[in-house]
Amino acid sequence: MTGTPTDAPVVPGGPPLLGHALELFHRPLDFLTSLQDHGEVVVFRLGTRPAYMVTDAEVLKELLITRHSTFEKGGGFFESGMELVGNGLASSNGTFHLRQRRMMQQAFHHGRMSGYAQAALGAADELSDTWREGQVIDLAREFSGLTMRILARTLFSDLDPEKAAEICRCMPLLVDGVARRAFLPVDFVHRLPLPVNRREAAAMRSLHRTVDGIIADYRASSLDQNDLLSALMLARDEHTGEGMGTQHIHDEIRTMMLAGTETSATTLHWAFALMSAHPDVEERVHAELAEVLGGDPVHHSDLPRLEYLGRVVQEILRMYPTGWLLTRRTTVGTSLGGYRIPAGADVFFSPYAIHHDPPFFPSPERFDPDRWLPERARHIPRHAYLPFGAGVRKCIGESLAYRETTLVLATLAGRWRLRSLTGLPPRTTLRPKEKRMRLERHTR
Ligand code: HEM
């Protein structure tokens, strides 16, 4: 759209004081996918406050790439949750974000990936050794624990087991705290002397102490231990040559623990729920593992040859992107897609809704890994697939997450099938509803 910006269409409905908040809370996926019927940029209400939603892939490109500097991170239920992670990469803005991003990028350099992959392979192997034929496991718990252990080892390769256990004990409390604040952004409630708030504060203090201790040990040894923390400590600002201070490293560690654990755990959970409901896909994964690995354990260098498994991961992230609703806030009055947006407005976008738009993804509810075969995928516009976001705020851990998910899947699916207890296909929800599944040993 060109010419003078106009007002964006308003989504009807919603009671006066609550607006569309109840609909977003109770049936988020239906609500989000329905918004594109009203326009490319639409206004809905969260409580009494207007919120803007971008529903079109081309306008998203404007928001995230071509005019990103007008829209900073923040808004919606994002800010209150971020209070717990400090001024890390996911929550900072402007020149500070750019400087941190450049330095953090050095820690995610391609050359460091095979070292990080070892952490994922080792932890997946150990998890597999604890599983028994016929055992019923709680997938959410197993995979949360696994991805937390993987991240702890990726960050600190040679961590003493007591400190590792303390980090893994405190982390779920931090994750829950962020989620509670996001859905109940009423500051004083989280400061009341309630048992849940006291537990959270104690966990935060302990996490702080433990991580501070680890940083001090690393500073004292000044060796590159081939892990993320070493990389952060070695990173230098290319203009000033300065490194990161202890508080900045601290905030980045908490940010990564938050951004890089539940996201990967939920993706792994969906992978097993979907493979169990689609035996044809599971069969092809097994056949590929047998052909590529020939019975040997998977190695980082096998990844390029695990093409089908790669498509399975891509398709899971299309159907169930863990970042299903993301927000920005306008820094000045502006326009987007030809629609007027005031300064300080919350602007939302939903990778879930875009990933379920039939013109880009025919039969969007169908789990179809082969839609990512090169000859079919070339019809999908770049900005219609955003499981890791896009532009300057794109997930810095994308490559790590992709490797971790694929290597863990290859290790576990090569040895185990997970069987549904209900026999029902997974429902389209934000998280898999089937939390418990039965283990069956897979023999080649
Ligand atoms: C399957 C796993 C993952 C998914 C689906 C995912 C998804 C995302 C998405 C959608 C964003 C962009 C948010 C926005 O635009 O507002 C993001 C940002 C981020 N992710 Fe991930 N992520 C995953 C794993 C990881 C891992 C393993 C790490 C680190 C170890 C990580 C660290 C970050 C950080 C630090 C940011 C903020 C980047 C910035 O603002 O500059 N993520 N992630």
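The values are calculated or read from the model by the stated rules, or taken from the named source; none is laboratory data. These figures come from a predicted structure and were not determined experimentally. Please note: Cβ atoms are built from the backbone with ideal geometry, for glycine as well, and neighbour counts cover all protein chains shown. Areas reflect the complete protein model, heavy atoms only, side chains present, ligands, DNA and RNA absent. Shrake-Rupley method; radii C 1.70, N 1.55, O 1.52, S 1.80 Å.
Some observations on this one:
- Between Arg378 and Thr6, the modelled label-to-label distance comes to 3.7 nm, taking each label 7 Å out from Cα in the direction of the beta carbon.
- Among Phe108, Leu64, Asn93 the positive-end extreme of the charge dipole of the stretch 17-123 (Cβ point charges): Phe108
- Taking the Cα centre of the stretch 21-441 as reference, the dipole from Cβ charges on Lys and Arg (+1) and Asp and Glu (-1) amounts to some 940 debye.
- Cα-based reach from Lys61 at 16 Å (exclusive), listing lysines while leaving out same-chain residues under 8 positions away: Lys73, Lys394
- For the chain, with +1 on Lys and Arg beta carbons and -1 on Asp and Glu, the positive-most of Gln36, Ala220, Leu421 along the dipole: Gln36
- Cα centroid separation - the stretch 199-228 against the stretch 113-147, whole Å: 24
- Rounded to the nearest whole Hz, the Karplus-based 3J(HN,Hα) values (6.51 cos²θ - 1.76 cosθ + 1.60, θ = phi - 60°) of the stretch 85-91 follow the sequence 9, x, 9, x, 4, 6, 10, with x at glycine and proline.
- Within the listed set Gln314, Gln118, Gln135, the Gaussian network model of the chain (springs between alpha-carbon atoms below 10 Å) gives the highest mean-square fluctuation for Gln135.
- Relative contact order for the stretch 21-441, counting Cα pairs under 8 Å that sit 6 or more residues apart, in percent: 27
- For the stretch 325-422, size of Cβ-based charge dipole, Lys and Arg +1, Asp and Glu -1, in debye: 160
- Here each label is just a point 7 Å from Cα along the line to Cβ, and for Gln135 and Glu283 those points are 2.9 nm apart.
- Surface share of carbon and sulfur [accessible, 1.4 angstrom probe, percent] for the stretch 21-441: 54
- Taking the chain as a Gaussian network of alpha-carbon nodes connected by springs under 10 Å, the highest mean-square fluctuation of the residues Thr322, Thr266, Thr70 belongs to Thr70.
- Dipole of the stretch 21-441 [Lys/Arg +1, Asp/Glu -1 at C-beta], most positive-end residue of Gln135, Ala343, Ala259: Ala343
- Model label sites at Val196 and Ser363, defined 7 Å from Cα along the beta-carbon direction, differ in position by 4.2 nm.
- Cα-based reach from Lys433 at 19 Å (exclusive), listing aspartates and glutamates while leaving out same-chain residues under 8 positions away: Asp30, Asp138, Glu142, Asp176, Glu262, Glu315, Glu365
- Between the stretch 260-324 and the stretch 336-375, the alpha-carbon centres lie 23 Å apart.
- Full-stretch length increase - Ala220, Ala290 - with 0.36 nm per residue and alpha-carbon distance subtracted: 20.6 nm
- The chain - mean residue ellipticity at 222 nm from DSSP helices (-39,500 (n - 2.57) per run, n ≥ 4, rounded to 500): -15000 deg cm²/dmol
- Largest mean-square fluctuation among Ser363, Ser350, Ser276, in a Gaussian network model of the chain whose springs join Cα atoms under 10 Å apart, belongs to Ser363.
- Gyration tensor (alpha-carbon) shape descriptor, the stretch 21-441, a/c threshold 1.5: rounded
- Here the stretch 379-400 and the stretch 22-38 have alpha carbon centers that stand 23 Å from each other.
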